[in-house]
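FYI, it's all coordinate maths here, none of it is from the lab. Keep in mind it's a predicted model, so treat the numbers as computed, not measured. Cβ coordinates were reconstructed from backbone atoms using ideal geometry, including for glycine residues, and neighbour counts include every protein chain displayed.
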Amino acid sequence: MYSLKRILGNCLLVFSLAVFAFIPKALAVATLEVTVTDGSNAVTGETISLFNASGQQVEDDDNDGGPLIYKGLEPGLYTVKSGDKTLRTVSIGPNDTVKKISVTAPAFALRSPNWPNWPNSDLNLSYGVRGLYKYGSFDSRLMSPGFGNPSGDSNIGTLGIGFDLIMSPRTLSDLFFIASLGVLPSASDKSAQGDLHPTPGRDSYLKLREYYFLRALIGWTMYEMQRVSIAAVGGVQLTRRELSLVTDESGGGGNREKFNDKETSIDPVVGIMGSMKTNLANDARIYFGVNATRMGSQSVNGRSSLNFDYRGKVDSGWQSEVYFGLLFPF
């Protein structure tokens, strides 16, 4: 009887050891912590998704804007993605309990840690402030029957300030949209100057001024490294501008006349935009670029107090722009 009890006890011990050796492998689960960086500072990983070997997305726990936490992961191979772009693959072993990794998100796909008010938004939003310089040279003519038709170039070179709102879909991080406002306080030089009257000096000329512009652009990131990205942009611009014709007939008994034409033109824009990550606060980025706008023609007409008719015209042409500024995530 003693021998039988001893035999049964040994069998039970072997069975128990086998069960306890099998259970950890069968029920092994792990926790994965994913921190998303932009190459210099840690930011929230809410643009990042995790998929298992079957292609099914794994839901993360609520992290309040911190690193992504994935719990209850079974052993296997997992893929970290931003949209359709694979950032990293990670293997969870049967003996792993907590695993921490870091991934670098692509350009225009980052969100700031202080974005708690947009947890369900499908867009990444950034805003920028930039200084700009615009220059254009346009053929211009001043026409007046009987006095001649002086011509010249309307050269407009002006400093300004621009404000940009950049929106990027989370599911397609290389695509983005820009809404812009630019304010331009400077006016052009005098052009098409002529000595048409007995008034001393060049008494007649044209002057072109641009007040502000609104833009809607679409961009595509063509090239990106860890800290720098380059994108092509294109769209339309609404420009508020004024063409003035000034003629001084006071030397012949008349008045100094000024005729104005204000209009809002719609013009195409193309350009190249770059951005560079920095170590500044709030995940600020430096952004810079060049744009070219095809400006339309504009004309102005008027009749003086002496009943002389005048007409001025500025032809269409290209206007270039360079800019430099800072970009901040919302």
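A few points about this structure:
- Long-range HN-HN contacts of Leu196 with modeled amide H, under 5 Å: Asp203, Ser204
- Stretching Asn307 away from Phe330 to a fully extended chain increases their span by 2.4 nm, per 0.36 nm per residue minus the current alpha-carbon distance.
- Gain upon complete extension [Glu242, Arg202; 0.36 nm per residue less C-alpha separation]: 12.3 nm
- FRET efficiency, 1/(1 + (r/R0)^6) with R0 51 Å, evaluated for Tyr212 and Ser102 via beta carbons: 0.70
- With a Förster radius of 30 Å applied to the beta-carbon distance between Thr31 and Phe163, the computed FRET efficiency rounds to 0.10.
- The trypsin sites (Lys or Arg not before Pro) found in the range 222-330 include none that occupy coil by DSSP while having at most 13 further C-beta atoms within 10 Å.
- As a calculated quantity, the FRET efficiency between Ser250 and Asp139 at R0 = 30 Å, using C-beta atoms, amounts to about 0.55.
- Amide hydrogen neighbours beyond the local backbone of Ser154, cut-off 5 Å, H modeled: Phe138, Asp139, Ser140
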